[in-house]
Amino acid sequence: MEYIEYLLYLGYVLLIIGTIGAIVGPKSNDRFIRLLNTEVATFGVCFIFLAYDEALALMTLIAVNAILCLILVRAIILNAEYEEETDTKIK
Amino acid sequence: MDIIEGVIGFIALLMVFRIFLTRSRARKLLYLCCLSFCISALIALYVKSPMGGIVAIIYFISSTLTSNAIAYTIEQVKDIE
Amino acid sequence: MENPVIYFYNPTILVGFAIGILSLFAIGSQKDDLHALILTDIVECAMLVIIAGVDTDLAEALILPGLVVSLAELLAVSEILINRKIIKSKKPKPKVYKLFEEFKLPIYTGDLKYNVHMEVLETSPKFFALVLIIYGAILSGFTGGAVIATGLLFYALSLRVRGLELSEELKTLWEGMAGLSGIAWGLWIIGFLEFFLFPKKWLLFLLMAGLGLVLKVGSKLGLIGFIGEAK
Amino acid sequence: MEILLIVSGVCCILGGLGVILHTNPINKIIMLGLLNVGLIGMIVSSYYLDIAIISSICEPISTIILLLGYMKYLTTLKKKKKYGRDLPILSK
């Protein structure tokens, strides 16, 4: 198998595994676990950029991904901290 | 030269399967450490120029930091779970 | 004759469409807001894959601003969701907001077992921030801006996690960068315009546009919360 | 085929499966580290050395952010559960 085809099929496999895992993965009702599952799809995008020779886009994607983690984790923590009051109000 | 790469590659493959199969969290961390040492050696052997040495050094340092952070969390969280 | 679907479309574009349609269905059947926000991340992946499947130089030029714009969009939507949650709850809204206050280690309340800080956060952040800022200044444009922002945010996060105050110099530096943003925007537009008017001096104007983009993107990440830590 | 290619390919596939199949978040983060090892190996084997430097510096940053977030999330949930069990008794 050629080197480029190897990279491309690896990227397809990771993208499809990540998407299916994020939608109907085991215990994906928890928000943190769903966030971790979506990371796999991002790695698939990295491989496809590598196969199409887009070096600058790959570098930007890796740097942006760390900041994206920060934003989503912050949203999850704050949401968990303020959530309980609304639940008791509904009951 | 080829023998060295072969031996290191065999150890790396063994470590990958053991990470996937063991249940204990501490052992997984240990094998991950060993795997990153192997990969760092393979990088330095694969790229035959001084730049390859620099990449191997940076990768070695940052992989040590990752495993340090994971070890701290495992010990702190053990009680709560 | 092969299959006409594969004849017209690249397999990359087919995979991108499949992922996009699946995740849009999942968003449609989701009731919680934050789950929908996390699943939006996958739609963004599908968009990037479809653009990359075109495989020209134009594709790379389209991906770079797409990444930064999607980052800003997720930031804005998450801020709106958090604020709505705070207004709904009975807890009083905190008067003074500190940057990254919610990441402080919970050893002060006695929840954790040992009374020790994470050791990596004491030694490494200065080294990382220095390397990332110098490297990002060498690569200019969108890429350098994202790399610089990663280093600055990690340094601020590590200070706040250990319970220290952000030093006045760092705050002043950051505020100055945010103030320079308008000038940088002007620099970029002038550089881009003169690039077509006077093609002889292309190197000078190219450097001007690159410098403007570095400052612009690097300071845009100050949007997380109130950067000035309002009194 | 080169040895680095084979090792990093196996790392990627097993890491991707492992992230989905494990249910404890710390195990998931360790598996994410395994996936990242594979990515760096692939980047080096196609000779993009500058991207390899950026990638290996940004990896511990995202791992540290995820670990801190998990610790805070766990303690918040535990506090909420303790508080939530008291409430129905009071309402009775």
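Since every read-out is calculated from the coordinates, none of them should be taken as a lab result. Quick caveat: nothing in here was measured; it's all calculated off a predicted structure. Here Cβ is always computed from backbone atoms with ideal geometry, including for glycine, and neighbour counts include all displayed protein chains.
Brief remarks follow.
- Near residue B:12: Cβ cut-off under 12 Å, other residues only, Lys/Arg at +1 and Asp/Glu at -1. The net charge is 0.
- Taking other residues whose beta carbon is less than 13 angstrom from the beta carbon of residue B:64, and scoring Lys, Arg as +1 and Asp, Glu as -1, yields -2.
- Per-residue average of Cβ from other chains inside 10 Å of A:19-32: 5
- Largest first and in whole Å, the equivalent-ellipsoid semi-axes of the protein assembly as shown read 34, 30, 25, each the square root of five times a Cα gyration tensor eigenvalue.
- Rounded to the nearest 10 degrees, the angle from helix D:3-21 to the longest Cα principal axis of chain D is 20 degrees.
- Candidates C:211, C:139, C:34: whichever shows maximal mean-square fluctuation once chain C is modelled as a Gaussian network with Cα springs under 10 Å: C:34
- Reach of residue C:104 by Cα under 13 Å, taken over aspartates and glutamates that are not fewer than 8 positions away in the same chain: C:165
- Under the simplified labelling scheme, the residue C:13-residue C:77 pair shows an inter-label distance of 2.5 nm, with each label point 7 Å from Cα along Cα→Cβ.
- Structural descriptor for chain A: relative contact order 29 percent, calculated from alpha carbon pairs under 8 angstrom and at least 6 residues apart.
- Note that the range C:39-53 has calculated 3J(HN,Hα) couplings of 5, 4, 4, 6, 4, 5, 4, 5, 4, 5, 5, 5, 5, 5, x Hz, one per residue in order, obtained from phi through the Karplus relation 6.51 cos²θ - 1.76 cosθ + 1.60 (θ = phi - 60°); glycine and proline are x.
- Per residue of C:163-170, other chain Cβ atoms within 10 Å of the residue Cβ number 0 on average.
- Neighbour net charge for residue C:150 - beta-carbon separation under 14 angstrom, K R +1, D E -1: 0
- Note, ³J(HN,Hα) from phi for the range D:25-40, Karplus 6.51, -1.76, 1.60, rounded to Hz, x at Gly and Pro: x, 5, 4, 5, 5, 4, 5, 5, x, 4, 4, 5, 4, x, 4, 5
- Order of C:114, A:9 under a 10 Å beta carbon neighbour criterion, fewest first: C:114, A:9
- Using the alpha-carbon positions of the range D:3-86, Rg (one decimal) and Dmax (whole number) come out as 17.0, 60 Å.
- Partner chain coverage, peptide C:7-16 - average Cβ within 10 angstrom: 2
- Three-way shape label, chain A, alpha-carbon gyration tensor, a/c 1.5: oblate
- Anisotropy class of the range C:19-60 from Cα gyration tensor, a/c 1.5 cut: prolate
- Taking every DSSP helix (H) stretch of at least 4 residues in chain A, weighting each as -39,500 (n - 2.57) and dividing the sum by the residue count yields a mean residue ellipticity at 222 nm of -31000 deg cm²/dmol.
- The aspartates and glutamates within cross-link reach of residue D:79, meaning a Cα-to-Cα straight distance under 20 Å and a gap of 8 or more places when in the same chain, are A:30, A:81, A:83, A:84, A:85, A:87, B:75, B:79, B:81, C:101, C:102, C:111.
- Using only the C-alpha atoms, the convex hull of the range C:1-154 corresponds to 207 Å³ per residue.
- Packing-based exposure ordering (other Cβ within 10 Å, fewest first) of C:147, C:68, D:10, D:44: D:10, C:68, D:44, C:147
- Excluding same-chain neighbours fewer than eight residues apart, no lysines are reachable from residue C:201 by a Cα-Cα span under 19 Å.
- Working note: 222 nm ellipticity from helices only, DSSP H runs with n ≥ 4, each -39,500 (n - 2.57), summed and divided by the residues of chain C, gives -23500 deg cm²/dmol to the nearest 500.
- Each label point was placed 7 Å from the Cα along the Cα-to-Cβ direction; for residue D:27 and residue C:36 their separation is 3.3 nm.
- Per residue, the average separation of C-alpha pairs within less than 8 Å and at least 6 apart gives chain C a relative contact order of 18 percent.
- 3J(HN,Hα) along the range A:62-68: 5, 6, 6, 5, 5, 5, 4 Hz, from the Karplus curve 6.51 cos²θ - 1.76 cosθ + 1.60 with θ = phi - 60°, whole Hz, x for Gly and Pro.
- With at most 13 neighbouring Cβ atoms within 10 Å, loop GluC sites (Glu not before Pro) (DSSP) excluded, longest segment of chain C: C:3-118
- Prolate/oblate/rounded call for the range B:2-77, Cα gyration tensor, a/c under 1.5 rounded: oblate
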